[in-house]
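S.K.: I'd like to ask you about the structure that follows.
Nothing in this text is a laboratory measurement; each read-out follows from the coordinates by a stated rule. Computed from a predicted model, the values in this text were never measured in an experiment. Counting neighbours? That spans all protein chains shown, and the Cβs are built from the backbone with ideal geometry, glycine included.
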Amino acid sequence: MTSGSALTSGSALTSGSALTSGSALTSGSARVPPEASEHFRNAGREHLMGVRSIVDHWIARLDDADERAGSRSRERETIEIE
């Protein structure tokens, strides 16, 4: 659980809603110290914020591409060929 892959490999920590619901890690269980529970909760939040950043980046790229495509279509002119 100390390696970086434990939080990103689809383990029990990240699958489902283990980090966001009243799971054993976040419900104040005696099995996990409160400090560890807080770190796991914060790590889960940071993970989601990272995913949000990636999604926002790609949305912005799509919006930029749409704007460029729109401006190109206005610059085109029809040339008749005899």
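S.K.: Mind ranking 53-61, 32-40 by how tightly packed they are, going by the mean number of other C-beta atoms within 10 angstrom, highest first? Present the calculation step by step, with values, prior to reporting the outcome.
M.R.: Numbers: 53-61: 9.9, 32-40: 13.7.
Result, highest mean first: 32-40, 53-61.
S.K.: For labels at Arg68 and Val51 in the simple 7 Å Cα→Cβ model, what's the distance in nm?
M.R.: Here the answer is 2.9 nm between the modelled labels.
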